[in-house]
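Notes follow the structure.
The values are calculated or read from the model by the stated rules, or taken from the named source; none is laboratory data. These figures come from a predicted structure and were not determined experimentally. Here Cβ is always computed from backbone atoms with ideal geometry, including for glycine, and neighbour counts include all displayed protein chains. These accessible areas exclude ligands, DNA and RNA; they are computed on the full protein's heavy atoms, side chains included. Shrake-Rupley method; radii C 1.70, N 1.55, O 1.52, S 1.80 Å.
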Amino acid sequence: MTAGLHLARRGLSVLLLEADPNFPGGRLQGGAAVTLEHNGRTWSFPGEHGLHGVWGQYHNLRAMLAREDIDPGFVPAKEEAWILRHPKSAVQWTKGGSALRKSWIPAPFHYLALFIRPRFLQMLTLRDLASMFRVLGGLIFATAYDPAVEDARLDRFTLADFFKGWSPTLQSLFLGLARNFTSARPDQVPQAGFIAFLRFYTLLRRDAWRFNYFNRDSHSALIAPLQARIEAAGGKLQLGAQVTDLIRDGEGWRVQWQQPPSSEAVPEAENEISEANASHVILALDIPGARKLLTHSLSAHALTWSMAVPSVVVRYWFNRKPKGSSAEPEAGIFTGEFILDNYFWLHRIQAVFGDWSQVTGGSAVECHIYGPPEILLEPDAVLLARGLQDIGRVWPELRSALITQSIRRNAATHSLFSGNTDQGLSVQTPWSQLWACGDWVRYPHGSLYMERAVVTGLAAANGVLTAKNLPTYDIQPVDPPEILVRWIERLLRWVRRRARSYGQRREQN
Ligand SMILES: Cc1cc2nc3c(=O)[nH]c(=O)nc-3n(C[C@H](O)[C@H](O)[C@H](O)COP(=O)(O)OP(=O)(O)OC[C@H]3O[C@@H](n4cnc5c(N)ncnc54)[C@H](O)[C@@H]3O)c2cc1C
């Protein structure tokens, strides 16, 4: 949508083909609403792929919103809890987010601010303290290597390798973070992806961890306004258009897609095939969609593909609010013996939930479940019941307070970033006048997720604009690391260079 909007703004004729028949926006799309009756009043809560956060370094997304005069209703994040449950032990928790973003200790040592929080210290054992140097070593290693920009040579290693020698509690904390950002298990997460996450969201700058939610569902806050801007600029968005073929046609392309039959009178009618010619095509697909299309149409067998993972999003409505200090953070992560991976108190974030809570005294929470695969195979009722049990473990006062619940299963389209590899698809594809964008697409910029989708969308649009001699758009860089990180980074890069040239000399001899 970023690419389409920016091309339409330059006066080009834009057609956006979206496979989903109901909602544009991919992993930010809307979904079926849940309705509730209370005292004769009907409340409707829009569904969505999952709550999203706009982080400190999302400069290009914010710049696009400012250019387009879109106000998504930012709600600043105040606090995130870390909730831990070891096997057979009680639940422990601490506030964490504010310690990181407000720490007076410069990056990359700002995590030490956690150690003046009594609840955090209570969660640690002597073994945790003894493994601190390994943890620090791992974090410092991550300052010297930028997998989002450099070609990845760590792609054989996973997070499980990165955590070797760490104590169970500290592993659990960072694992929780990794799961929440990558939605995958440690043996699935490429080390390069984890390092890219650490660098972009927390390691290099304290303010990178400052973030905002939208005060409404992602469709209303972001996707619907983007669609309106595209259409106002003369672009066209077609839903239910599954692109099946790309055929070279002179210098440009012929694009074929399938769509449901236009006549409702013949319910069993086959999908209709349509096609259009275009001088340039931008692929803005998820990983499985791009892989299927390019392998089929262009025999792109030499390309390598990152993994894409599924997720489950559950929501619970309660007739009362959670109590006590553990209810103060509006969001948090679960680690250890929980099926849930995170939570967001929706009545503290989204306006419609807030209004409902004020009138009824109720509360509502969204939680994500990222796996493992055998858990995601459980039936809906089992996942909902086990999630509710987790909530009850942390907030026992909600145990018999459930009003209603919902579950949404997201297909395996979420990108597991694995760094830049030579064989991955990049914005400028191997085929002329065919471009690619998306949060998994190769481009030398240290951003991830929504911001990376916007950055690569701008870069792909710029490719087309350059070819047509039209003015391009600026892409804002990631903020530089804090000064101490810069020194450490320079020192470690110098060591890496020396080690490499020493190795080469030995090989020559
Ligand atoms: C539960 C969850 C929570 C998240 N939270 C955050 C967050 O807090 N912050 C953040 O920055 N990011 C978050 N993300 C990630 C974020 O949603 C993505 O990074 C972003 O939406 C990626 O956009 P994209 O355009 O690259 O891909 P997508 O949004 O996946 O879009 C790809 C589109 O291609 C379409 N498509 C595929 N094949 C075809 C075809 N053959 N023909 C036509 N169309 C096709 C799909 O239908 C889809 O609309 C989250 C993701 C999930 C799953």
Item to check | Number of the condition not met by Ala178 [criteria: (1) touching a residue at least 60 places away in the same chain (Cβ under 8 Å); (2) open to solvent by less than 10 Å² (accessible area, probe 1.4 Å); (3) not in a loop (DSSP other than H, G, I, E, B)] | outcome: (1)
Checklist entry - Any residue at all in the range 467-482 that is part of a helix (DSSP H, G or I), open to solvent by 20 Å² or more (accessible area, probe 1.4 Å) and over 30 Å from Trp43 (Cβ atoms)? => result yes
Checklist outcome for this item: Among the residues of the range 329-355, the number that are open to solvent by 20 Å² or more (accessible area, probe 1.4 Å) and in contact with an Asp or Glu (Cβ under 7 Å, 6 or more places away or on another chain) is 4
Checklist entry - Looking only at the range 305-340, which residues are under 30 Å from Trp257 (Cβ atoms) and modelled with pLDDT of 90 or more? => result Trp305, Ala308, Val309, Pro310, Ser311, Val312, Val313
Next on the checklist: Just to be sure I understand the filter: pairs with C-beta atoms under 8 Å, separated by 6 or more residues or on different chains, first member in the range 336-352 and under 15 Å from Arg179 (Cβ atoms), second member open to solvent by 10 Å² or more (accessible area, probe 1.4 Å) and in a strand (DSSP E or B). Which pairs pass?
Outcome noted: Gly336/Arg85; Glu337/Arg85; Phe338/Arg85; Leu340/His368; Asp341/Ile333; Asp341/His368; Asn342/Ile333; Asn342/His368
Item to check | Scope the range 390-405; condition touching a residue at least 12 places away in the same chain (Cβ under 8 Å) and assigned to a helix (DSSP H, G or I); matching residues | outcome: Asp390, Ile391, Arg393, Val394, Glu397, Leu398
Item to check | Top-ranked residue of the range 365-389 - restricted to ones that are open to solvent by less than 10 Å² (accessible area, probe 1.4 Å) and either of a type in the set (Lys, Arg) or in a helix (DSSP H, G or I) (or both), ranked as nearest to Val91 (Cα to Cα) | outcome: Gly387
Checklist entry - Which one of Arg496, Arg408, Arg442 is at pLDDT 95 or above, among the basic types (Lys, Arg) and open to solvent by 30 Å² or more (accessible area, probe 1.4 Å)? => result Arg408
Checklist entry - Listed residues Glu366, Glu374; which is within 23 Å of the chain's Cα centre (by Cα) and under 27 Å from Asp217 (Cα atoms)? => result Glu366
Next on the checklist: open to solvent by less than 20 Å² (accessible area, probe 1.4 Å), more than 9 Å from the ligand (Cβ to nearest atom) and either in contact (Cβ under 8 Å) with a residue 24 or more places away in the chain or in a strand (DSSP E or B) (or both): which single residue out of Leu12, Leu5 fits that description?
Outcome noted: Leu5
Checklist entry - Which of the residues that make up the range 267-283 are within 12 Å of the ligand (Cβ to nearest atom) and either touching a Ser or Thr at 6+ places or on another chain (Cβ under 8 Å) or modelled with pLDDT under 90 (or both)? => result Leu283
Next on the checklist: Looking only at the range 39-70, count every residue that is over 27 Å from Val478 (Cβ atoms) and not acidic (Asp, Glu) and tell me the total.
Outcome noted: 9
Item to check | Conditions (1) within 16 Å of the ligand (Cβ to nearest atom); (2) touching a Leu at 6+ places or on another chain (Cβ under 7 Å); (3) of a type outside the set (S, T, N, Q); number of the one not met by Gly96 | outcome: (1)
Checklist entry - Looking at this structure, is Gly31 within 16 Å of the ligand (Cβ to nearest atom), closer than 23 Å to Val478 by Cβ, open to solvent by less than 60 Å² (accessible area, probe 1.4 Å) and not hydroxyl-bearing (Ser, Thr, Tyr)? => result no
